[in-house]
1. What is the angle, in °, between the Cα long axis of helix 130-146 and the longest principal axis of the Cα atoms in the chain? Nearest 10 is fine, range 0 to 90.
2. On the protein heavy atoms, probe 1.4 angstrom, tell me the percent of accessible surface of the chain carried by carbon and sulfur.
3. Let me have the relative contact order for segment 14-157, percent, based on Cα pairs under 8 Å that are six or more residues apart.
4. Once R0 is set to 35 Å, what does the formula 1/(1 + (r/R0)^6) return for the Cβ-Cβ distance between Thr6 and His138, expressed as a FRET efficiency to the nearest 0.05?
5. Using only Cα atoms, tell me the angle between helix 48-62 and the longest principal axis of the chain; keep it within 0 to 90° and round to the nearest 10.
6. For labels at Ser28 and Leu62 in the simple 7 Å Cα→Cβ model, what's the distance in nm?
7. When the Kirkwood hydrodynamic radius is evaluated over all pairs of different C-alpha atoms of the chain, what value in angstrom, to one decimal, is obtained?
8. Mind checking the angle between helix 3-12 and the chain's longest principal axis? C-alpha axes, 0 to 90 degrees, to the nearest 10.
Amino acid sequence: MSGTKTAVEWLASVAPDPEGCRREWEHSTHGVALLPAGRAWDVLILPGHLGHPTLGVLTRVLGRPGPVLADVGDNRVGFLVPPGTADRWLGTGVRTAGAGTWIVVPHPGRAARGVRWLVPPDGSGTLTDAALLELAMHEAAARLVLGAGEDGWRRMP
């Protein structure tokens, strides 16, 4: 099974009607489906100015973190994390989507309107560990405060 097909199956498996979810992706002009959080994943949603550098840190450390979404303006970045994380999250400035919430999810192999994958799911179920995400957020925030770039070096005026 191809990576995209496996990712579609993994994502659709949480839908109340998986076949309906796949049809929505195939036939919707927007290329998105509404899926419940809290079953196979929760989502931690960071403001874009912190989310993108956090993704940079995670990519440097892990190579490939779990799936990551961004809204159309890159104003928000959503990291898929293990279910239950949203209920336990204490950080400020981070929105959560857990049990009882729904998220807009684009097809993992096509362009969509309104939201896109920065790191598409591979279908394996790999998620970003919340503790590692928190550490990456701290490093990214420190770099922002210090004026460091992605490479960790301070930029000269």
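The values are calculated or read from the model by the stated rules, or taken from the named source; none is laboratory data. Not measured: the values here are computed from a predicted model. For neighbour counting, all protein chains shown are included, and Cβ atoms are generated from backbone atoms with ideal geometry for every residue, glycine included. Just so you know, the surface numbers come from the protein's heavy atoms only, side chains and all, with ligands and any DNA or RNA stripped out. Shrake-Rupley method; radii C 1.70, N 1.55, O 1.52, S 1.80 Å.
1. Approximately 40 degrees, to the nearest ten.
2. Exposed carbon and sulfur together represent 56 percent of the surface.
3. Once normalised by length, the contact order is 31 percent.
4. After rounding, the FRET efficiency stands at 0.60.
5. The answer is roughly 90 degrees.
6. It is 2.4 nm.
7. Final number for the Kirkwood radius of the chain is 16.0 Å.
8. 80 degrees
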